[in-house]
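Peer 1: So that we are looking at the same thing, I have put the structure below in structure tokens.
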Amino acid sequence: MDHFQLKNGVLHAEDVSLPTIAEAVGTPVYVYSRATLVRHARVFREALANLADPHLAFAVKANPNLAVLKVLQQEGFGADVVSGGELTRALAAGMVPGDVVFSGVGKTHAELVQGLETGIGQFNIESEEEGYELAAIARRMGKVAACALRVNPDVDARTHEKISTGKRENKFGVPLDRAAAIYAALAGEDGLEMRGPAVHIGSQLGELEPLETAFAKVGALIADLRAEGLGVTHADLGGGLGVPYKAGEFMPSPAEYGAMVARVTKAWDVRLTFEPGRVIAGNAGVLLTRVIRSKRSGNGPPFVIVDAAMNDLARPAIYGAWHDIEAVAPSGEKATAHIVGPICETGDTFAMDRETDALVAGDLAVFRTAGAYGATMASSYNSRGFVPEVLVDGDRFAVVAERIPADAIMDAEQVPDWL
Ligand code: LLP
């Protein structure tokens, strides 16, 4: 459930009408709902109520805006970060260092140092090589790094191939059949405290079965490790739960996910970490845009050209992703159109042959489910600036990220005097 609803025929974020935001901030603009973030955070936590003391670490990559992170910090979430930049953000938002997990296949030396210096709770090691490097740094700093070993369970998550991470051929984790040996080797290193396995098989998962298969393999690994006398106190089950992008689309609920996890992990006797991203933030945001004009195209449906583009919301261009498109003040009339942005690429297409609310020049419209992997994947392609972000809370709203205009980006460039 989200808090973007029609009131008196006009789409609102909570109690703020979207035209009010468009007028105050301009378009395109991302609009987030605090109440929706809070609701999703609580539903997810509630779904895990049968587990002893689960650790919830929001996947910062889904939405790294400081205000969004602050809302989740207030809900008791820690953070799953994949870069020094994300770590800095999580801490700036007030997250407790001990509640931060550092994932990522290519943590640099500097990032490993940063993680140790700031006292993060856990490094998710993705290779034996990374483990030895971290151990050496930790010894030099006189610290002990708490670690999970990310395993690659070779399970097909049955999601888009670009966001599948748990197949043997993917770059993530260590192969399951080598995991026990690598774990044992790293457990013997001074400077590391190996706490258990980590797994994450992909994102936007529409079925629980691949997750259950992966978790069962992790359970078998835990038993093997213990049989060899190795300590296992934690396990990190990653994120990945899908959200509905189309009205009426069915996705496993957090409650079903939680019940499956409780069943599969019953005998593990570990503290579990979860790294949800999309399921928390996805439906808590929309991208608000204005129609520039419509243009006829041969005999086909018209092109409706909006002021948002693939640089602002990249998911349709990269993954062919579907985002529902709705008029902010729907007339009740429907029409079929190609919805496109102004960028000079055919890929800058949000929808082809889409039946939506009829849209004419000047109308406001939203792309739904843009709260995760939306603003954070923006670029300045075609010398377009970065769009602003707004957080709504009841009847008030605040700009939580300023628009960065194209000329501000240009200001960071210089032409050498030898040209
Ligand atoms: N943990 C790890 C280690 C991850 O790699 C990810 C996502 C998550 C947690 C969070 O997954 P979620 O709960 O959000 O599914 N840009 C793509 C999504 C990429 C996801 C990458 N990893 C998109 O727009 O669909």
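Peer 1: Can you give the longest stretch of the chain with no exposed loop site, where a site means chymotrypsin sites (Phe, Trp or Tyr not before Pro) in a DSSP loop (not H, G, I, E or B) with at most 11 other C-beta atoms within 10 Å?
Peer 2: The longest uninterrupted stretch comes out as 1-249.
Peer 1: For Ser331 and Ala24, compute 0.36 nm times the residue count separating them, minus their Cα-Cα distance, and round to one decimal in nm.
Peer 2: Length difference between fully extended and current span is 108.2 nm.
Peer 1: So for Lys334, Lys143, fewest C-beta neighbours within 10 Å to most, what's the order?
Peer 2: Listed from fewest to most nearby Cβ atoms, that is Lys334, Lys143.
Peer 1: Using modelled backbone amide H atoms (1.01 Å from N, in-plane), which distant-in-sequence or interchain residues come within less than 5 Å of Asn152's amide H?
Peer 2: When sequence neighbours closer than 5 places are left aside, the close amide H contacts are Val174, Leu176.
Peer 1: Could you tell me what percent of the DSSP beta bridges with both partners in the chain are antiparallel, to the nearest 5?
Peer 2: 50 percent
Peer 1: Could you list which residues have their amide H under 5 Å from that of Phe386, counting only those 5 or more apart in sequence or on another chain, with H placed in the peptide plane?
Peer 2: The answer is Ile404.
Peer 1: Another one. Considering the options Ser164, Leu208, Ser253, tell which one lies farthest towards the positive end of the dipole of the stretch 34-278, charges being +1 on Lys and Arg and -1 on Asp and Glu at the Cβ, about the Cα centre.
Peer 2: Ser253
Peer 1: Another one. Using the number of other C-beta atoms within 10 angstrom as an exposure proxy, rank Asp407, Asp2, Asp156 with the fewest first.
Peer 2: Lowest to highest Cβ neighbour count: Asp407, Asp156, Asp2.
Peer 1: Using all Cα-Cα distances in the stretch 195-337, what percent lands in each 5 angstrom bin from 0 up to the longest?
Peer 2: Computed distribution, short to long bins: 2, 8, 14, 16, 13, 10, 9, 8, 7, 5, 4, 3, 2, 1, 0.
Peer 1: About its Cα centre, how strong a charge dipole does the chain have in debye, to the nearest 20, once Lys and Arg get +1 and Asp and Glu get -1 at the Cβ?
Peer 2: That gives a dipole near 440 debye.
Peer 1: Moving on. So, in nm, how far is label Asp156 from label Ser253 when the simple model puts each one 7 Å beyond its Cα toward the Cβ?
Peer 2: Computed distance between label sites Asp156 and Ser253 equals 3.0 nm.
Peer 1: What GluC sites (Glu not before Pro) in the stretch 186-266 are in a loop by DSSP, with at most 16 other Cβ atoms within 10 Å of the Cβ?
Peer 2: Answer by residue number: Glu207, Glu228, Glu249.
Peer 1: Could you derive backbone 3J(HN,Hα) for the stretch 290-305 from the dihedral phi with the Karplus parameters 6.51, -1.76 and 1.60 (θ = phi - 60°), listing whole Hz in sequence and x where the residue is Gly or Pro?
Peer 2: Karplus-based 3J(HN,Hα) across the stretch 290-305 equals 10, 6, 6, 6, 10, 9, 6, 9, x, 9, x, x, x, 8, 9, 9 Hz.
Peer 1: For Ala184, put the label point 7 Å out on the Cα→Cβ axis and report which residues of the stretch 102-135 keep their amide N under 18 Å from it.
Peer 2: Label zone hits: 128-129, 132.
Peer 1: Relative to the longest principal Cα axis of the chain, at what angle does helix 254-264 sit, 0 to 90 degrees, rounded to 10?
Peer 2: Long axis of 254-264 versus the principal axis of the chain: about 20 degrees.
Peer 1: Separate question: Using the Karplus curve 6.51 cos²θ - 1.76 cosθ + 1.60 with θ = phi - 60°, work out ³J(HN,Hα) for each residue of the stretch 185-193 in order, rounded to whole Hz, and write x for Gly and Pro.
Peer 2: The phi angles translate into 5, 6, 5, x, 7, 4, x, 10, 10 Hz.
Peer 1: Mind listing the phi-derived Karplus ³J(HN,Hα) values for the stretch 346-356, rounded to whole Hz, using 6.51, -1.76 and 1.60 with θ = phi - 60°, and x for any glycine or proline?
Peer 2: 4, x, 7, 10, 8, 6, 10, 6, 8, 7, 9
Peer 1: Using 1/(1 + (r/R0)^6) with R0 = 22 angstrom and r between the beta carbons of Asp353 and Leu6, what's the FRET efficiency to the nearest 0.05?
Peer 2: Calculated transfer efficiency: 0.30.
Peer 1: Any chance you could check the Cα centroid distance between the stretch 223-294 and the stretch 12-78 for me, in angstrom?
Peer 2: 16 Å
Peer 1: Compute the normalised compactness of the chain: alpha-carbon radius of gyration over 2.2 N^0.38 Å, N being the residue count.
Peer 2: 1.04
Peer 1: Using a Förster distance of 22 Å, how high is the FRET efficiency between Arg226 and Arg271, based on the Cβ-Cβ distance and rounded to 0.05?
Peer 2: 0.90
Peer 1: Based on the Cβ-Cβ distance of Gln74 and Gln414, what FRET efficiency does E = 1/(1 + (r/R0)^6) give at R0 = 35 Å, to the nearest 0.05?
Peer 2: For R0 = 35 Å, the calculated efficiency reads 0.25.
Peer 1: Which of His40, His160, His338 has the fewest other C-beta atoms within 10 Å, and how do the rest follow up to the most?
Peer 2: The order, fewest Cβ neighbours first, is His160, His338, His40.
Peer 1: For Ser383 and Val43 in the same chain, what is the full-extension length gain: residue separation times 0.36 nm, less their Cα-Cα distance, in nm?
Peer 2: Taking 0.36 nm per residue and subtracting the Cα distance, the gain is 118.4 nm.
Peer 1: For the chain, take the longest principal axis of its alpha carbons; what is the angle in degrees between that and the long axis of helix 128-141, to the nearest 10 within 0 to 90?
Peer 2: 80 degrees
Peer 1: Subtracting the Cα-Cα distance from 0.36 nm times the residue separation, let me have the gained length for Met260 to Asp407 in nm, one decimal.
Peer 2: Result for the pair: 47.8 nm of gain on full extension.
Peer 1: Taking only Cα atoms, what is the 0 to 90° angle, nearest 10, from helix 34-47's long axis to the longest principal axis of the chain?
Peer 2: Between the helix axis and the principal axis of the chain, the angle is about 40 degrees.
Peer 1: List the residues, sorted by chain then number, that are 5 or more residues from Ala145 or on another chain and whose placed amide H is less than 5 Å from its amide H.
Peer 2: The list, which skips near neighbours in sequence, is Leu192, Glu193.
Peer 1: Something else about it: For the stretch 34-278, state what percent of all Cα-Cα pairs lands in each successive 5 Å bin, counting from 0 Å until the bin that includes the largest distance.
Peer 2: 1, 7, 15, 19, 21, 18, 12, 6, 2, 0, 0, 0
Peer 1: Further question on the same structure: Which value, in debye to the nearest 20, gives the size of the charge dipole of the stretch 34-278 about its Cα centre, when Lys and Arg are +1 and Asp and Glu are -1 at the Cβ?
Peer 2: So the dipole magnitude of the stretch 34-278 works out to roughly 680 debye.
None of the figures in this text is laboratory data; all of them are computed from the coordinates on show. Model, not experiment: these values are computed from the prediction. Every residue, glycine as well, gets a Cβ built from its backbone with ideal geometry; the counts of neighbours run over all protein chains shown.
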